[in-house]
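Input: a single structure, listed below in structure tokens.
The values are calculated or read from the model by the stated rules, or taken from the named source; none is laboratory data. These figures come from a predicted structure and were not determined experimentally. No Cβ is skipped: glycine too gets one built from the backbone with ideal geometry, and neighbour counts run over all protein chains shown. What goes into the accessible areas is simple: the full protein's heavy atoms, side chains included, and nothing from ligands, DNA or RNA. Shrake-Rupley method; radii C 1.70, N 1.55, O 1.52, S 1.80 Å.
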2 protein chains.
Amino acid sequence: MKSSNPIVDKILTAAKARMVRFGYHKVTMDEIAADLRMSKNTIYLHFPGKIAIAKALVARIKNRINDHQGEIENKEKDPLKIISLNILFLQQELAPWFEFFLKDIQLELPELWQEFVDFRTEKVMELEKLVDVGIKKGKFRQVNPTLAVRAYLGAVNNIINPEILQQEGITFQQALETVMDIWSKGIVKEGKK
Amino acid sequence: MKSSNPIVDKILTAAKARMVRFGYHKVTMDEIAADLRMSKNTIYLHFPGKIAIAKALVARIKNRINDHQGEIENKEKDPLKIISLNILFLQQELAPWFEFFLKDIQLELPELWQEFVDFRTEKVMELEKLVDVGIKKGKFRQVNPTLAVRAYLGAVNNIINPEILQQEGITFQQALETVMDIWSKGIVKEGKK
DNA sequence: CCTTATAATACTAATATAGTATTTTTGGTA
DNA sequence: TACCAAAAATACTATATTAGTATTATAAGG
């Protein structure tokens, strides 16, 4: 993994901070420079333009996730735990980008958007394989792995939300355990089906 | 429920079609007029401006959902079924707006955004009460109703997706049944816990 | 006090678009 | 045919936005 120029890194970090919140289009080069207390010219010294920043951001997130990949599988043996940790990590890293940044990118830089989506699909498919293995081993019920993973992803996504956590007076970790609990055991009491 | 001018209705329908896909900001009055093969002046005859259209759209969706409210409860008795139908309807009606339109509105017309979010919260809370009743009656396990409903909403949201349905070769209805199945019974085989 | 790097500032040139004004077309009616 | 709305087509204005560049000011090191 190539470690990049620290200034380049600072620029990307500042760009990410804004673009994740407001989208690609609405963030101006002036704002990024102001955040960094850096001249706009200095930014143009390291990047040929705004588009290059978007591309670098996508490259960075892909690297980040790929770097962390595989660590979990070495430490955990329980397939439920492996799935849970993977989904947690994926959602934490990827979800923020979809909210605003990728909505803009989808319209303004469709090739880059496709690259991001393909990457995500690839990662999700790896999770589906894990569920599939669980089914084959007789540990899971005969559910559609794709739908099961998507359902879990959506559920986690909808609960990683500071507002709700605060409102419910629970920690992030507790919320995830609850979702995992529902996903694995369901909400219906046994014997009541 | 007041039935509005048919021209006003046409304008709103055209505006919705675009704004749901591209957001409020990116849709121009010229585009709406072109879609309708109608002069822009005619639009301005019925609406004082673009903002008024956004407000009317929000008002219309609220009316629509409120109108359909309650029908389900009269027809169904099984709480699981009631929850399922309610979540389905809510997600189908509301989810498309969040994708692009509300992202823009959140930044450009925050009061209107708040109105929409409050409305949604209100509806979700009604669902939580249903889960709560299920728990009190001993039909459901002792799960956090808020998280359970959010998890379900997120799961449904992540599966209402033409691409996935096609890829899996299943119908919309089948996908919903799967999600309901997982949500109620979990993915783990009984006796394997 | 000179030099270099970068911050601060100013500028340009292109683009977009809400809203209005004007002209043209159309379809109904006498 | 001639007239007359009403709405479509077209043109225009006025404003805002902002990527990218050029210029000037400032500060730190030698």
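When the surface is traced with a 1.4 Å probe over the full set of protein chains, B:E99 keeps roughly 90 Å² accessible.
In the complete set of protein chains, residue-level accessible area for B:W97 is approximately 10 Å², probe 1.4 angstrom. Take each residue in B:157-163, count the other chain C-beta atoms within 10 Å of its C-beta, and the mean is 4. The magnitude of the dipole of the protein assembly as shown, with charges of +1 and -1 set on the Cβ of Lys/Arg and Asp/Glu and taken from the Cα centre, is near 540 debye.
Quick check: net charge around B:S84, other residues with Cβ under 12 Å of its Cβ, Lys/Arg +1 and Asp/Glu -1? Local charge sum for B:S84: -3.
Sorted largest first by accessible area at a 1.4 angstrom probe radius, with every protein chain in place, the residues B:M19, B:M38 fall in the order B:M38, B:M19.
Dipole of the stretch B:19-109 computed with +1 at Lys/Arg Cβ and -1 at Asp/Glu Cβ about the Cα centre; of B:I65, B:Y44, B:F101, farthest Cα towards the positive end is B:Y44.
Placing A:K103, A:K10 in order of accessible area, with the largest value first and a 1.4 Å probe, yields A:K10, A:K103. Once you divide the Cα radius of gyration of the protein assembly as shown by 2.2 N^0.38 Å, the number left is 1.09.
If R0 is taken as 35 Å, the Cβ-Cβ distance between B:D30 and B:I65 corresponds to a FRET efficiency of 0.70.
Compared with the dominant Cα axis of chain A, that is its longest principal axis, helix A:6-22 is turned about 60°. Counting heavy atoms of the protein chains alone, B:S84 has an accessible area of about 30 Å² for a 1.4 Å probe. Net charge in the neighbourhood of A:T146 (other residues with Cβ under 9 Å of its Cβ; Lys, Arg +1, Asp, Glu -1) is -1. In chain B, a dipole from Cβ-located charges (positive for Lys and Arg, negative for Asp and Glu) runs towards its positive end, and of B:F140, B:L12, B:P110 it is B:F140 whose Cα lies farthest in that direction. Note on the stretch A:69-186: Kirkwood radius taken over Cα pairs, Stokes-Einstein applied at 25 °C and 0.890 mPa s, translational D equal to 159 µm² s⁻¹. Set Lys and Arg Cβ to +1 and Asp and Glu Cβ to -1, take the dipole of chain B about its Cα centre, and tell me which of B:P79, B:A34, B:F172 lies farthest positive. About the Cα centre, the residue reaching furthest to the positive side is B:P79. Rounded to the nearest 20, the size of the Cβ-charge dipole of the stretch B:69-193 about its Cα centre is 1020 debye, with Lys and Arg at +1 and Asp and Glu at -1. When +1 charges are put on Lys and Arg Cβ atoms and -1 charges on Asp and Glu Cβ atoms, the dipole computed for the stretch A:72-137 relative to its Cα centre reaches about 520 debye. Rounded to the nearest 10 degrees, what's the angle between the helix B:145-159 long axis and the longest principal axis of chain B, both from Cα atoms, 0 to 90? With both axes taken from Cα atoms, the answer is about 60 degrees. A straight line joining the Cα centroids of the stretch B:100-159 and the stretch A:80-128 runs 23 Å. Taking each of A:K129/B:K185; A:K10/B:K16; B:K103/B:K129; A:K129/A:K185 in turn, the alpha-carbon distance tops 31 angstrom for A:K10/B:K16. Rounded to whole numbers, the Karplus 3J(HN,Hα) couplings from phi for the stretch A:72-80 are 4, 4, 6, 8, 10, 10, 4, x, 4 Hz, using 6.51 cos²θ - 1.76 cosθ + 1.60 with θ = phi - 60°, and x at Gly and Pro.
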